[in-house]
């Protein structure tokens, strides 16, 4: 009986030790909605912004503007970024499809093999934060999304 208890204890300990943290590539899979977009340090100060999104959308009633940003990451390494903009009642939707890869705290998003953007990111079970710098405008952007 004592032998069975020792074997059982060994199996329990081994199962705890073999558990690994979720791989970011697995955790990122799913549908994401934007909650915040902050751009700072822009060469043109008018490009600096701090926008709060509700249910994936930023709304400015005075100008009749609505911007909705969402992303879907698939298990096969592809993504779709959807931006829906409404301005004075006219709506335009922009879909960007591409591939992604993750290495450490970097995510590479590629629209085409030669058009890629690398960003630092932080990922928890339901929050994704992307940090990137635009070379042309010098803007540092922080995009926060939730599942």
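Bear in mind these aren't lab numbers, they're just calculated from the coordinates by the rules spelled out. Everything quoted here is computed from the prediction, not taken from an experiment. Using ideal geometry, Cβ is built from the backbone for each residue, glycine included, and neighbour counts are taken over all protein chains shown.
Label positions at residue 55 and residue 78, each projected 7 Å from the Cα along the C-beta direction, are separated by 2.9 nm. Would you mind getting me the FRET efficiency between residue 134 and residue 36? Use the beta-carbon distance for r and R0 = 22 Å, nearest 0.05. Here the calculated transfer efficiency is 0.80. Compared with the direct C-alpha span, the chain from residue 125 to residue 65 gains 18.5 nm at full extension, assuming 0.36 nm per residue.
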